[in-house]
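Asker: So that we are looking at the same thing, I have put the structure below in structure tokens.
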Amino acid sequence: MLTAALSLCTLAASAQTMKTKVLADDHVMLRVNTADGYVLLPVEESQNTDHIRVISNNNVVQEFNVRLAVNKADYYVPLNVRRFADGQGKSVLLDIIVNRGDAANSASKAATSDFAAWKLVKTSHAIDMTNREKFRPLYHHTPAYGWMNDPNGLFYKDGVWHLYFQYNPYGSQWENMTWGHSTSTDLIHWKFEGEAIEPDALGTIFSGCSVVDSANTAGFGPGAIIAYYTSAGKAQKQCMAYSTDNGKTFTKYEDNPLLVSDIPDFRDPHIIWYEPTKSWILIVSEKQHMKIFSSKNLKDWTFESDFGETYGSHAGVWECPDLLDMGNSKWVLVCNINPGGPQGGSATQYFTGSFDGHKFTCDTDPSVKKWMDWGKDHYATVTFDNAPDGRHVAMTWMSNWQYANQVPTKQYRSANGIARDLGYFEYKDTGYVSVKPSPEVLAAFSKKPQASLSPACRVDVQLHNNATITLSNGKGERVVMTYNAAKETFTMDRTKSGDVSFSTDFPAVTKAPTRGRIKTLQLFIDKSSVEAFDADGKMAMTNLVFPSTPYTSIAVKGGKAKVYPLK
């Protein structure tokens, strides 16, 4: 739950208009006093991407891209200029390169001097953080404003869960990749902490991980947080940053990059501690396979092995790996893939097997494909480092690259799925990952059921044999779920769930194997999502929905439902 967001068009009462200087059709300048606090930039998503350089004392101190308004403002995003102040009220220069585009683009039909942006841009000492998005979830993490995709750098320390994420602070579409940061003590209520790692001369900041270096192996102090991320410039390379204030701020390592490749898709490092050899293990994706390295100090890495050729799905690029010790000599290698998922687009596949500190060995035939979640909106699954009690607590990006930039929200785009604990089970002599809602998530709901659905609730359905569960509202919009006990399948039909018009890939019926009988089905319903779990962990399905009004009715044939509200 993180409901703060920049108001769609309502600005702080202290907002002041600004004067711009149009120097050419593609060049505009704007000077701002850093004491003003924020520049509120008007965004129109249908326009071209313009480039802004923030110049202080004749030096570029920040660069980013933004779709400045030509006709109207869809929403505003704040640029914090106060952080460039030196205590003497100095100013910064916004040097704007306007992208005129081609003749078919609406931006080229208006003179640059007539762009709405120059009349609408303002400064303010504060910003209105009121949420006005009807689809913003109530108990799922979302960015305060702007775009979000993959969870990054997850770790737990001193009772606090740290979630970093791929973030665009300057618009609600993918751009300007930065690590945003949120914290929580219960995996439900999240506090936005701002931008943690920002683009630099090596590139924008793609996905990665963080580890708690309790033994000071890297030399930055006991308990320092070591982050590894991909710098995406002309090439993708792996870099390090460290934090000595529990992940609030990071210092980039002076000898970056630390790992490079001549393969274009080389990204998303994930690090674990391997106790038998007292070494750090790094796994990183390289096009359609994984590379594994080892290190004693988190700085110098030795190549150990490759994994992936001929195994699993190769219909898309492999991304966001993870390596999990499930106990009893069982290991899981997580491999997110886009495209190539079982429902189309992006998804999380995984492999079961063994790991000896050097090499991962899969225990199934290379042709076997295993999927962690069977919905369309479950991607970039990664786990928290240092989670309590040896748990594997995972977070996901609740969207799909097929339509993530087009979903019908404006102030923000994308949420994380609920936190889930990963385990291991076997069915018909084959190992699988079990997926259950984390105990902290279950604890967020009342123990006393209520009579009807609410916009954000949990539903437990005791199933008999075959069953049909229908969520609906007064507009005729509905989600229909069907359980077939004999065939061991579960389906979810969102083709008439609400707004499905923004993408031909969105209306879908998703289908999952249940690997045995489902006795209790757990549904987590929020304002724009439905997540279904077998309570025993053998099946999970995550799907977005955008009903015009919340679902108010649940009908169950072949079972009995109890609805639990948020506390």
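Asker: Any idea how many residues of region 334-344 are assigned to a loop (DSSP other than H, G, I, E, B) and either of a type in the set (Asp, Glu) or within 19 Å of residue 267 (Cα to Cα) (or both)?
Answerer: Of the residues in that region, 2 qualify.
Asker: Any chance you could count how many residues in region 240-271 are closer than 23 Å to residue 184 by Cβ and not in a strand (DSSP E or B)?
Answerer: 7
Asker: So, of the residues in region 142-194 that are touching a Leu at 6+ places or on another chain (Cβ under 6 Å) and assigned to a loop (DSSP other than H, G, I, E, B), which turns out to be least open to solvent (accessible area, probe 1.4 Å)?
Answerer: Filtering region 142-194 for residues that are touching a Leu at 6+ places or on another chain (Cβ under 6 Å) and assigned to a loop (DSSP other than H, G, I, E, B), the one least open to solvent (accessible area, probe 1.4 Å) comes out as 142.
Asker: Would you confirm whether or not region 354-368 contains a residue that is surrounded by 19 or more Cβ atoms within 10 Å (Cβ to Cβ), polar (S, T, N, Q) and closer than 26 Å to residue 426 by Cβ?
Answerer: No, region 354-368 contains no residue that is surrounded by 19 or more Cβ atoms within 10 Å (Cβ to Cβ), polar (S, T, N, Q) and closer than 26 Å to residue 426 by Cβ.
Asker: Here's a follow-up. Within region 19-30, is even one residue of a type in the set (D, E, K, R) and closer than 25 Å to residue 411 by Cα?
Answerer: Within region 19-30, not a single residue is of a type in the set (D, E, K, R) and closer than 25 Å to residue 411 by Cα.
Asker: Sticking with this one: If you go through region 31-50 one residue at a time, how many are open to solvent by 50 Å² or more (accessible area, probe 1.4 Å) and over 24 Å from the mean Cα position of the chain (by Cα)?
Answerer: Matching residues across region 31-50 total 4.
Asker: With the condition kept exactly as written, say whether any residue in region 124-135 is in contact with a strand residue (DSSP E or B) (Cβ under 9 Å, 6 or more places away or on another chain), at pLDDT 90 or above and basic (Lys, Arg).
Answerer: The answer is no; no qualifying residue exists.
Asker: Among the residues of region 300-333, how many are part of a strand (DSSP E or B) and small (Gly, Ala, Ser)?
Answerer: Residues meeting the conditions: 2.
Asker: Can you tell me which residue is surrounded by the fewest Cβ atoms within 10 Å (Cβ to Cβ) among those in region 20-30 that are part of a strand (DSSP E or B) and not hydrophobic (A, V, I, L, M, F, W, C)?
Answerer: Result: 21.
Asker: Would you mention how many residues in region 52-70 are over 18 Å from residue 172 (Cβ atoms), open to solvent by 40 Å² or more (accessible area, probe 1.4 Å) and not acidic (Asp, Glu)?
Answerer: The qualifying residues number 6.
Asker: All but one of (1) hydroxyl-bearing (Ser, Thr, Tyr); (2) open to solvent by 20 Å² or more (accessible area, probe 1.4 Å); (3) farther than 22 Å from residue 252 by Cα hold for residue 302, so report the exception by its number.
Answerer: Unmet for residue 302, out of (1) hydroxyl-bearing (Ser, Thr, Tyr); (2) open to solvent by 20 Å² or more (accessible area, probe 1.4 Å); (3) farther than 22 Å from residue 252 by Cα: (3).
Asker: Next question. Does residue 294 meet the test of being small (Gly, Ala, Ser), in a strand (DSSP E or B) and under 20 Å from residue 392 (Cβ atoms)?
Answerer: Considered against the rule, which asks whether it is small (Gly, Ala, Ser), in a strand (DSSP E or B) and under 20 Å from residue 392 (Cβ atoms), residue 294 comes out as no.
Asker: Yes or no: residue 446 crowded, with 18+ Cβ neighbours inside 10 Å, in contact (Cβ under 8 Å) with a residue 12 or more places away in the chain and small (Gly, Ala, Ser)?
Answerer: no
Asker: Restricting to strands (runs of 3 or more DSSP E) lying wholly in region 450-567: which have 2 or more residues that are of a type outside the set (Ser, Thr, Tyr), open to solvent by 10 Å² or more (accessible area, probe 1.4 Å) and free of Cβ contacts under 8 Å to residues at least 24 places away in the same chain?
Answerer: Output list reads 478-484.
Asker: Of the conditions (1) hydrophobic (A, V, I, L, M, F, W, C); (2) under 19 Å from residue 16 (Cβ atoms); (3) under 23 Å from the mean Cα position of the chain (by Cα), residue 84 satisfies every one except a single condition; which number is it?
Answerer: Condition (3) is where residue 84 drops out.
Asker: Moving to a separate point now. Of the numbered conditions (1) assigned to a strand (DSSP E or B); (2) closer than 20 Å to residue 162 by Cα, residue 204 satisfies every one except a single condition; which is it?
Answerer: It is condition (2) that residue 204 fails.
Asker: Here's a check for you: in region 122-141, which residue that is within 18 Å of residue 410 (Cα to Cα) and among the aliphatic types (A, V, I, L, M) is surrounded by the most Cβ atoms within 10 Å (Cβ to Cβ)?
Answerer: 127
For every residue, the table says whether it meets (1) within 20 Å of the chain's Cα centre (by Cα); (2) part of a loop (DSSP other than H, G, I, E, B).
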site: 208; (1), (2): yes, no
site: 212; (1), (2): no, no
site: 219; (1), (2): no, yes
site: 222; (1), (2): no, yes
site: 228; (1), (2): yes, no
site: 231; (1), (2): yes, no
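Asker: I need a count of the residues in region 289-324 that are touching a Phe, Trp or Tyr at 6+ places or on another chain (Cβ under 8 Å) and modelled with pLDDT under 95.
Answerer: Total meeting the criteria: 0.
Asker: If you don't mind, another one. Taking region 71-84 only, how many residues are open to solvent by 50 Å² or more (accessible area, probe 1.4 Å) and assigned to a loop (DSSP other than H, G, I, E, B)?
Answerer: 2
Asker: Which residues, counting only those in region 226-275, are in contact with an Asp or Glu (Cβ under 8 Å, 6 or more places away or on another chain), touching a residue at least 60 places away in the same chain (Cβ under 8 Å) and either open to solvent by less than 50 Å² (accessible area, probe 1.4 Å) or closer than 19 Å to residue 356 by Cα (or both)?
Answerer: Within region 226-275, 226, 267, 268, 270, 271, 272 qualify.
Asker: Within region 94-105, count every residue that is at pLDDT 95 or above and over 17 Å from residue 26 (Cβ atoms).
Answerer: Total meeting the criteria: 0.
The values are calculated or read from the model by the stated rules, or taken from the named source; none is laboratory data. Computed from a predicted structure; not experimentally measured. Because the Cβ atoms are built from the backbone with ideal geometry, glycine has one as well, and the counts that use them run over all protein chains shown. Keep in mind that these areas ignore ligands, DNA and RNA; they rest on the heavy atoms of the full protein, side chains included. Shrake-Rupley method; radii C 1.70, N 1.55, O 1.52, S 1.80 Å.
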